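The values are calculated or read from the model by the stated rules, or taken from the named source; none is laboratory data. Just so we're clear, the structure is a prediction, and the values are computed from it rather than from any experiment. Here the Cβ positions follow ideal geometry from the backbone for every residue, glycine too, while neighbour counts run over all protein chains shown.
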């Protein structure tokens, strides 16, 4: 069962993956060459949404909340995801400043990441009849980091999900292993180092921490 406390712990663990802080760095902004055709793009916020991904959705939510900087963002909305803004200093400063100064930007981020990532991950978790908190952590991280549980990765191992008669722990371990291999050999070399995520999951599986009732140490930070 995924209680509110377990949900918070899962989010805090993934926040460390994304920005190095359990609470999440809402003003975090980095540039990665991981966009379409290797293009550079802005990656922003507590759970690091991308310029070519869901950044526009986040900003539309913020504007709808009538945030302090809503009028400043409005001219940018049609451009986000269609016109590269990676070198627009004023836009990047606006992103950082809004997260630092306006609680509504932090609210917009929390709502966006919950609706676009946690809820779809939780739907998959429930629909496929998973039950264990560590399983939910693995699934949520995959949605945050890869956008889904990619079907092509599921096709790389034979274990079915619990809904289809499979063993939950066996499926989660098998999925984690194939995801780790995929990340480690991905054409986008920036992804190679992200195997620290899957290595942590495998460590927790080996420790038997399926209920996430024991503390989890993420990049030197202890999540109780």
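Residues in region 1-29 that are over 15 Å from the mean Cα position of the chain (by Cα) and farther than 12 Å from residue 109 by Cα: 1, 2, 3, 4, 5, 6. Please tell me if residue 139 is closer than 18 Å to residue 13 by Cβ, out of contact with any strand residue (DSSP E or B) (no Cβ under 8 Å at 6 or more places or on another chain) and either surrounded by fewer than 17 Cβ atoms within 10 Å (Cβ to Cβ) or at pLDDT below 95 (or both). No, not satisfied.
If you check residue 133 against the conditions, is it more than 24 Å from residue 213 (Cα to Cα) and either surrounded by fewer than 19 Cβ atoms within 10 Å (Cβ to Cβ) or touching a residue at least 60 places away in the same chain (Cβ under 8 Å) (or both)? Against the criterion (more than 24 Å from residue 213 (Cα to Cα) and either surrounded by fewer than 19 Cβ atoms within 10 Å (Cβ to Cβ) or touching a residue at least 60 places away in the same chain (Cβ under 8 Å) (or both)), residue 133 does not qualify. Is at least one residue of region 5-12 crowded, with 19+ Cβ neighbours inside 10 Å, over 15 Å from residue 118 (Cα atoms) and touching a strand residue (DSSP E or B) at 6+ places or on another chain (Cβ under 9 Å)? Checking region 5-12: not a single residue is crowded, with 19+ Cβ neighbours inside 10 Å, over 15 Å from residue 118 (Cα atoms) and touching a strand residue (DSSP E or B) at 6+ places or on another chain (Cβ under 9 Å).
Against the criterion of being in a helix (DSSP H, G or I) and on the phi < 0 side of the Ramachandran plot, residue 174 qualifies. Of the residues 110, 34, only one is touching a strand residue (DSSP E or B) at 6+ places or on another chain (Cβ under 9 Å) and either on the phi > 0 side of the Ramachandran plot or touching a residue at least 60 places away in the same chain (Cβ under 8 Å) (or both); which? Unique residue meeting the criteria: 34.
Matching residues to (1) surrounded by fewer than 17 Cβ atoms within 10 Å (Cβ to Cβ); (2) part of a helix (DSSP H, G or I); (3) touching a residue at least 12 places away in the same chain (Cβ under 8 Å):
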site	(1), (2), (3)
187	yes, no, no
192	yes, yes, no
197	no, yes, yes
201	no, yes, yes
208	yes, no, no
214	yes, no, no
217	yes, no, no
